[in-house]
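Structure record follows, encoded as structure tokens.
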Amino acid sequence: MTRIKLKRIRFWFIDNQFLVVKGPLGKLFFKSSFLIIKKRLFFTSKAAANSFFSRARSLIKGLIYGFFIEIKTEGVGLKFFRYSKAPRFISFSFGFSHTIVYKMPKSIVFRCHKYRLILFSNRLTLLSLIAKRIRAYRPPDPYKSKGVKFASEALKLKPGKQRQR
């Protein structure tokens, strides 16, 4: 087991297969295609090296700062609710005849306002996956822009039918 230490981040290489990264917001690990010989990294290809360093940068940023995604609703009757008795569950009222109940993973912290949902985590891939699943229940309409969308998302609206005179 090889250990490298930066200011607030610690890296461990376990069995020449796994990279473990520990920081102020938790501990994460991932498997990559590299070899460690005398405290030097060797990769199977240049693409594997680029992928490794890209994922390592993402892990470091997530463990120091974290990631967040804000989801907004536009339209009548689209709301988010948090259960008081079960704090890991969130309920969506998206204009269907029933409410949708979704269980959040433990690694995601969320704040639920009436028309806004803020998700925070140190794992970007899990965070974006959960956000896309929530958005898939009621994606924005391309004509009226009603539905669930990301706060940073810019929608290009389609023109409606032209009226003949």
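Restricting to the stretch 69-78, and then to whatever is surrounded by 14 or more Cβ atoms within 10 Å (Cβ to Cβ) and not basic (K, R), can you tell me which residue is nearest to the chain's Cα centre (by Cα)? Let's see the steps before the verdict.
At the first step, the residues of the stretch 69-78 found to be surrounded by 14 or more Cβ atoms within 10 Å (Cβ to Cβ) are 69-75, 78.
Going one step further and asking which of them are not basic (K, R), we end up with 69-71, 73-75, 78.
Details: I69: 7, E70: 10, I71: 12, T73: 18, E74: 21, G75: 24, L78: 22 Å.
Selected residue: I69.
Provide a single number: the residues in the stretch 29-77 that are among the basic types (K, R), part of a strand (DSSP E or B) and modelled with pLDDT under 80. Before you say what the answer is, go through the steps one by one.
So the first thing to find is which residues in the stretch 29-77 are among the basic types (K, R), and the list is 31, 38-40, 46, 55, 57, 61, 72.
Adding the requirement that they be part of a strand (DSSP E or B) leaves 31, 40, 72.
Filter again for modelled with pLDDT under 80, leaving 31, 40.
So the answer is 2.
Which numbered condition trips up I118, out of (1) within 24 Å of L25 (Cα to Cα); (2) of a type in the set (V, I, T); (3) touching a residue at least 60 places away in the same chain (Cβ under 8 Å)?
The single condition I118 does not satisfy is (3).
Kindly check whether there is at least one residue in the stretch 101-111 that is without any contact (Cβ under 8 Å) to a residue 12 or more places away in the chain, more than 22 Å from L59 (Cβ to Cβ), surrounded by fewer than 15 Cβ atoms within 10 Å (Cβ to Cβ) and among the basic types (K, R). Spell out the reasoning first.
Step one: of the stretch 101-111, the residues without any contact (Cβ under 8 Å) to a residue 12 or more places away in the chain are 111.
From what's left, more than 22 Å from L59 (Cβ to Cβ): 111.
This time we only want the ones that are surrounded by fewer than 15 Cβ atoms within 10 Å (Cβ to Cβ), so: 111.
Then keep just the ones that are among the basic types (K, R); that gives 111.
The answer is yes; a qualifying residue exists.
With the condition kept exactly as written, say whether any residue in the stretch 79-86 is surrounded by fewer than 16 Cβ atoms within 10 Å (Cβ to Cβ) and closer than 30 Å to V20 by Cβ.
no
Can you find even one residue in the stretch 49-65 that is without any contact (Cβ under 8 Å) to a residue 60 or more places away in the chain and over 27 Å from G23 (Cβ atoms)?
Scanning the stretch 49-65 turns up no residue that is without any contact (Cβ under 8 Å) to a residue 60 or more places away in the chain and over 27 Å from G23 (Cβ atoms).
For the stretch 77-95, enumerate the residues that are touching a residue at least 24 places away in the same chain (Cβ under 8 Å) and either out of contact with any Leu (no Cβ under 8 Å at 6 or more places or on another chain) or of a type in the set (F, W, Y) (or both).
Applying the first criterion (touching a residue at least 24 places away in the same chain (Cβ under 8 Å)) to the stretch 77-95 yields 78-82, 90, 92, 94-95.
Correct list: L78, K79, F80, F81, R82, F92, F94.
Being more than 30 Å from G26 (Cβ to Cβ) and in contact with a Gly (Cβ under 9 Å, 6 or more places away or on another chain) is the filter here, so list the residues in the stretch 121-149 that pass it.
Here is the first cut: in the stretch 121-149, the ones more than 30 Å from G26 (Cβ to Cβ) are 138-147.
Result: R138, P139, P140, D141, Y143, K144, S145, K146, G147.
How many residues does the stretch 108-165 hold that are farther than 12 Å from T73 by Cα and of a type in the set (S, T, Y)?
Within the stretch 108-165, residues that are farther than 12 Å from T73 by Cα and of a type in the set (S, T, Y) number 5.
Just to be sure, is K149 basic (K, R), assigned to a strand (DSSP E or B) and modelled with pLDDT of 85 or more? So that I can check it myself, show each step before the final result.
Details: basic (K, R): yes; assigned to a strand (DSSP E or B): yes; modelled with pLDDT of 85 or more: yes.
It is true that K149 is basic (K, R), assigned to a strand (DSSP E or B) and modelled with pLDDT of 85 or more.
The values are calculated or read from the model by the stated rules, or taken from the named source; none is laboratory data. Since the structure is predicted, the reported quantities are computational estimates derived from the model, not experimental observations. All Cβ positions, glycine included, derive from the backbone under ideal geometry; neighbour counts span all protein chains shown.
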